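Right, one structure below, let's go through it.
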Amino acid sequence: MTESTEAALRAEVSAWLQANWSPDQGLVEWRKKLVDAGWGAPTWPKAWYGRDLSPALAAVVDQEIRRIGAVGVARTGIRTLAAATLLAHGSDFQKRKFLRRSLTGEDTWCQLFSEPGSGSDLAGAMTRAERKDGRWIVNGQKVWTTSAHHADWGLLLARTDMDATKHQGLSFFVIDMHQPGVEVRPLRQMNGHASFNQVFFTDAEVPEEHLVGELGGGWAVATTTLMHERRGADGVGAVGAGASATVREGRIYDEERAEVATTMEPYKWYPQRAGRVDLVLKRAKETGKIDDPVVRQEIAKLLILARSAEWTARRARAAQALGRPQGPEGSLGKLAASHVARAAARVHTLISGADAMLSGPDGPEDGIVAEILISVPAVSIAGGTDEIQRNIIAERVLRMPKEPGSADDRPFREVPKNAVG
Ligand SMILES: Cc1cc2nc3c(=O)[nH]c(=O)nc-3n(C[C@H](O)[C@H](O)[C@H](O)COP(=O)(O)OP(=O)(O)OC[C@H]3O[C@@H](n4cnc5c(N)ncnc54)[C@H](O)[C@@H]3O)c2cc1C
């Protein structure tokens, strides 16, 4: 990026913002202008609401938008994963139908991958999609579906061929969540929140043109979604990267606050699941545990671990900025996030002692410490467990032999299943 390119871009964005931005317009109305001008997602292709800019130049656009306090496009929730997946694999019809509305925040999404018998073994999915009279008819069950209770659309991985091998019989669809064949039942977690759901499909319908990628090519599409999910596996992760809680006044800010409150409701405990390393020193000073040499040593180890994980994440972002494709760094980063979260929970326990078990206003930090202890296990499960990340690193980075049984080339019908179906 030369200085003159940057200056010219800055001037162009600034002039456009001067002419178009006002906090008194509607949120969607503003975002439509931003998206249609290509400034909402400037790294995206020109043909699809972007400007083909490098991440470094896109950061300049972002700085200009923030400088005048303007609102950006919707970047919270599963919509970020949906957009990344559809950009990579969607048909022109799908890109036209979904990408703009995802950026303007008009549509919300959920990720319908895990099933009672297939979480780690995602390729063992049993939910069926059968073609009938020019539509796909879906039957089966998904589980742990974050945000399904307020999603308009779902990214669905379903089996379309029982006679193909496990991975080749899967296809990827976009399913309308507002239809009689889709029943969403919330699940309550041990930390009291209810972010995810069971989803039951009974003759739910998907139009032909909502098949994403090739028939039988669903595994490759799902892998794209997962790589983006894992890359954002820090704190609130990819799903919360764009959440902002501005205190400014004006119609557009009120609408943005309402949007963030709804979309981020399922994720409000995610900072706790990441371990809240930011609270450790403050708590140690408040309790006097900072003077305990054993606790100090554990705090130092945690901060070193957290800092090195952050640098790994920065290296990954730098690689992305240089245009390198998504690689295994997502798995490395996700595994590091699990280590940091677990170590943080341990250090919080050392600092707070038995008080760490007190929830609500009686507990340290208004119960936040207790919430950390019971939320941290989720980091090493969501988006693929630690063991699965280790398998990926072993096989794809270290080129070690594949896990026994993973290259099963029998028709799926004959493969032993985790669930009866
Ligand atoms: C906070 C949160 C949000 C989530 N949101 C979503 C969502 O929106 N959509 C969605 O589809 N899913 C979601 N999930 C589900 C998540 O993807 C699964 O829980 C995860 O993939 C693990 O699957 P499982 O729960 O079926 O565990 P299992 O696969 O049954 O695993 C049980 C244990 O066995 C181990 N194990 C399994 N296979 C192997 C192996 N081959 N080698 C070594 N060890 C192994 C696992 O590591 C684990 O410890 C979410 C989960 C959490 C915690």
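Observations on the model:
- Short-range pairs are left out: with C-alpha atoms under 8 Å and at least six residues apart, the relative contact order of region 18-116 is 26 percent.
- Kirkwood estimate for the chain, i.e. one over the average of 1/r between Cα atoms, Å: 23.2
- D (Stokes-Einstein, µm²/s), Kirkwood Cα radius, region 92-188, 0.692 mPa s at 37 °C: 229
- Cα shape, region 96-138, gyration tensor, a/c 1.5 rule: oblate
- FRET efficiency, 1/(1 + (r/R0)^6) with R0 22 Å, evaluated for K282 and A261 via beta carbons: 0.25
- Label zone at I68, where the point sits 7 Å out along the Cα-to-Cβ direction: region 41-60 residues whose backbone N lies under 19 Å: 41-42, 51, 58-60
- Ordering H167, H178 by accessible surface, largest first, gives H178, H167; the 1.4 Å probe counts only protein heavy atoms, with every chain in place.
- Gain on full extension, evaluated as 0.36 nm per residue between A321 and I304 minus their Cα-Cα distance, stands at 3.6 nm.
- Extension reserve of the R10-T312 stretch, reckoned as 0.36 nm per residue once the Cα distance is removed: 105.7 nm
- Globularity index of region 362-421, i.e. its alpha-carbon radius of gyration over 2.2 N^0.38 Å: 1.81
- Residue-count net charge about V182 - beta-carbon cut-off 14 Å; Lys, Arg +1, Asp, Glu -1: -3
- DSSP-assigned coil residues among trypsin sites (Lys or Arg not before Pro) in region 147-215, each with at most 14 further Cβ atoms within 10 Å: R188
- Shape of region 154-200, Cα gyration tensor, a/c cut at 1.5: prolate
- For the chain, calculated [θ]222 nm from helices alone, where every DSSP H run of n ≥ 4 adds -39500 (n - 2.57): -12500 deg cm²/dmol
- GNM result for the chain, Cα springs below 10 Å: residue of A337, A41, A319 fluctuating most strongly: A319
- Local electrostatic count, F98, Cβ distance below 12 Å [Lys/Arg +1, Asp/Glu -1]: 0
- Among the trypsin sites (Lys or Arg not before Pro) found in region 340-420, those both in a DSSP coil and sparsely packed, with 11 or fewer other Cβ atoms within 10 Å of their Cβ, are R399, K402.
- A 1.4 Å probe run over the protein chains yields, for region 171-230, 43 Å² of accessible area per residue, whole-number rounding.
- What you get for the chain, charging only the Cβ of Lys and Arg (+1) and of Asp and Glu (-1), is a dipole of about 840 debye around the Cα centre.
- Contact order relative to length of the chain, as percent, for alpha carbon pairs under 8 angstrom and 6 or more apart: 15
- Anisotropy class of region 259-330 from Cα gyration tensor, a/c 1.5 cut: oblate
- Straight-line cross-link partners of K97 among the aspartates and glutamates, defined as a Cα under 15 Å from its Cα and at least 8 positions apart when in the same chain: D36, E106, D107, D152, D176, E208, E209.
- Computing FRET efficiency as 1/(1 + (r/R0)^6) for E106 and A47, where r is the C-beta to C-beta distance and R0 is 35 Å, gives about 0.95.
- Cross-link reach is defined here as a Cα-Cα straight distance under 21 Å, omitting same-chain residues fewer than 8 places apart; for K166 the lysines meeting it are K142, K402, K417.
- Remark: the E403-A19 segment gains 132.4 nm on full extension, using 0.36 nm per residue and subtracting the alpha carbon distance.
- Once C-alpha pairs closer than 8 Å and six or more residues apart are averaged by separation and normalised to the residue number of region 327-376, the relative contact order reads 25 percent.
The values are calculated or read from the model by the stated rules, or taken from the named source; none is laboratory data. Owing to the predicted nature of the structure, the values given are computational and were not obtained by experimental measurement. In this analysis, Cβ positions are derived from the backbone assuming ideal geometry, glycine residues included, and neighbour counts consider all displayed protein chains. These accessible areas exclude ligands, DNA and RNA; they are computed on the full protein's heavy atoms, side chains included. Shrake-Rupley method; radii C 1.70, N 1.55, O 1.52, S 1.80 Å.
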